[in-house]
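First comes the structure, then the notes that go with it.
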Amino acid sequence: MKALMTGLALLLFTGLGSATPADQPADSRLLPLQGAANVRDLGGYRTEDGRRVKWGLLYRGGALDKLTEHDQQHLQRLGLQRVVDLRSPAEIDDAPDRLPPDLLARRIELPVTAGNLDIRDLTRRIHAGDLASLDLQDILMEGNRSFVREHAGIFRDWLHGLLNDQSAPVLFHCTAGKDRTGYAAAVLLLALGVPEATVMQDYMASNQYLAEKNLRIAEQVRQASGGRTDPALLQSLLGVEPRYLQAAFDAMREEQGSVDAYLRQTLGLDDATRAGLQERFLEVATEAGS
């Protein structure tokens with residue numbers, strides 16, 4: 001029970017577990033993995049200048065510690081060249097990635113840590129059913145602000161690494177694939193010129209891809225807490241809401257005046273860097289397909 005509660009708390013915010021493009025069905029985006037949830041292709045999103053993100057180069061996801069042999073074979077067929085792990089050292093120790101040996105050798109860590117979040121207090125509250133007085137939405141919003149302010153250097157390295165490393169296809173992930181990974185996907189898509197509204201759609205898609213898993217987690221927590229924890233109160237924790245990512249966008253504007261200026265000034269995405277990323281990960285969109 002202790003492990004379950006601690007794992008749930010880490011799922012919330014260790015860095016602080018909807019829509020897809022109209023012309024691409026959801027099952028084209030989600031990878032058919034048996035031991036991992038919310039692992040999906042970022043291809044197909046349209047940019048403001050009419051291009052689209054290439055399919056098969058950029059993947060986002062959740063924990064990879066339970067990958068089956070079938071899953072590993074599937075990742076190998078994708079031709080992955082790099083895995084980027086955004087989890088904290090403690091999370092990695094508790095649940096190391098289960099990858100094919102050649103891919104494991106090409107895995108890198110860019111840890112986003114818990115900051116000032118009191119994991120022990122959150123775990124105690126979940127166990128005691130004392131969540132009503134805890135503003136989980138505010139905690140997650142503050143987490144996204146911390147990505148913008150305290151962790152800017154990590155996400156700067158992440159974006160510049162995509163251009164300089166020349167290792168693609170790449171899969172980047174955290175634990176649930178929704179908070180740290182959601183923010184990483186957001187700044188990447190923005191850098192590629194994808195409209196903010198589409199970026200929000202991709203962020204919110206985690207609710208669709210995690211729905212079944214989150215129902216199981218909520219029931220497990222309810223039982224482990226002796227019925228003291230209301231599963232409904234966990235939905236803010238287990239899913240995502242527009243206000244979470246919007247808090248990051250607002251923090252960018254507070255820091256630099258606009259989202260574009262934040263990308264340019266704080267994350268170092270000048271015209272040449274953005275052009276390099278776009279040349280690598282975008283293509284001309286045809287009229288018939290995305």
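Quick notes on this structure:
- Dimensions of region 144-235 along the principal axes, based on C-alpha atoms and rounded to the nearest Å, stand at 51, 26, 25, largest first.
- Available extension along the chain between D230 and Q34 is 67.7 nm, counting 0.36 nm per residue and deducting the alpha carbon span.
- Once the chain from L215 to E69 is taken as fully extended at 0.36 nm per residue, the excess over their C-alpha distance is 50.0 nm.
- Between Q166 and R124, the FRET efficiency estimated from the beta carbon spacing at R0 = 51 angstrom works out to 0.65.
- Inter-site label distance for D157 and V284 at 7 Å from Cα along Cβ, in nm: 3.9 nm
- Each semi-axis of the equivalent ellipsoid for region 2-284 is √(5λ) with λ an eigenvalue of the Cα gyration tensor; in descending order they amount to 29, 22, 17 Å.
- Put in line by how crowded their Cβ is, counting other Cβ atoms within 10 Å and starting with the fewest, L64, L134, L140, L215 read L215, L134, L140, L64.
- Segment D49-Q81, extension gain: residue separation times 0.36 nm, minus the distance between their alpha carbons: 8.7 nm
Quick note: the coordinates plus some simple rules give every number you see, no bench work behind them. Here the structure is a predicted model, which is why all the values come from computation and not from measurement. Glycine gets a Cβ as well: all are built from the backbone with ideal geometry, and neighbour counts include every protein chain shown.
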